[in-house]
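Peer 1: Below are the structure tokens for one structure; questions will follow.
The values are calculated or read from the model by the stated rules, or taken from the named source; none is laboratory data. Here the structure is a predicted model, which means the values were calculated and not measured. With ideal geometry, Cβ positions are generated from the backbone for all residues, glycine too; neighbour counts draw on all protein chains shown. Side chains included, ligands, DNA and RNA excluded: accessible areas come from the protein's heavy atoms. Shrake-Rupley method; radii C 1.70, N 1.55, O 1.52, S 1.80 Å.
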Amino acid sequence: YDIANAFQSTPDPGDINGNRTWLKINHTWIEYIRARKPEWWPAVSALLKTHSVEELAVPMNSFVQGRVDASLKWQEHVEPVIFNDLGCLPNRADPSVYCGIFNNAPVILCRATDDFLCMCANEATYRAIVRVFEKHWTVHSLGVVSTFFGLHFVVSRDCVSIDQTDKTEGLVPAVYGPSWHKQPPSSSCAT
């Protein structure tokens, strides 16, 4: 799964003339605010007495992916949820891999910035983990994965393996030319 709104957190500075981008509010946003941001509701409710929903807008946030520290800032934001809500800890060898027990089942969670790969015993545990993240962000849940960052996963009852055939078949001709397989090897290492 990935977090669709992970980087929408800094104000849009606007164009060269300082013109800010505004996000038009609609009825879906109003319902979202009523349900998820009750502390905002008194102010919004007061506005709705003098304005229609269509007249309301908020300053648009911009994506922070252009910032050098975007991944670090997101890590600082997401790890409390991974640590506290899921009870997972980072692996000492790779701190973007987290392990733990959730819903009485072992879980391995891999994070590539805002994209997550979750390995667990059953789909119910996966769905429960996604629900934890949905309390905080908008989650795009992909369910059982077959590809992740261009890697093809082969899932069987006994194991999960990564098939990189497509990547290799594209890479080798790019390096050695389209007729690479017709050339005799120069050494056993070249073979």
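Peer 1: Got a number for residues in segment 76-87 being in contact (Cβ under 8 Å) with a residue 12 or more places away in the chain, closer than 18 Å to Ile3 by Cα and open to solvent by less than 60 Å² (accessible area, probe 1.4 Å)?
Peer 2: Counting residues in segment 76-87 that are in contact (Cβ under 8 Å) with a residue 12 or more places away in the chain, closer than 18 Å to Ile3 by Cα and open to solvent by less than 60 Å² (accessible area, probe 1.4 Å) gives 4.
Peer 1: Within segment 135-151, how many residues turn out to be within 19 Å of Val78 (Cβ to Cβ) and open to solvent by 70 Å² or more (accessible area, probe 1.4 Å)?
Peer 2: 6
Peer 1: Across segment 88-126, which residue is modelled with the lowest pLDDT among those that are among the small types (Gly, Ala, Ser) and open to solvent by 40 Å² or more (accessible area, probe 1.4 Å)?
Peer 2: From segment 88-126, those among the small types (Gly, Ala, Ser) are 93, 96, 100, 105, 112, 121, 124; that's our starting set.
With open to solvent by 40 Å² or more (accessible area, probe 1.4 Å) added as a condition, the list becomes 93, 121, 124.
Details: Ala93: 89, Ala121: 83, Ala124: 91.
Checked segment 88-126; the qualifying residue modelled with the lowest pLDDT is Ala121.
Peer 1: Taking Asp166, is it open to solvent by 50 Å² or more (accessible area, probe 1.4 Å), of a type in the set (Asp, Glu), out of contact with any His (no Cβ under 6 Å at 6 or more places or on another chain) and part of a loop (DSSP other than H, G, I, E, B)? Working first, answer last.
Peer 2: Numbers: open to solvent by 50 Å² or more (accessible area, probe 1.4 Å): yes; of a type in the set (Asp, Glu): yes; out of contact with any His (no Cβ under 6 Å at 6 or more places or on another chain): yes; part of a loop (DSSP other than H, G, I, E, B): no.
The answer is no for Asp166.
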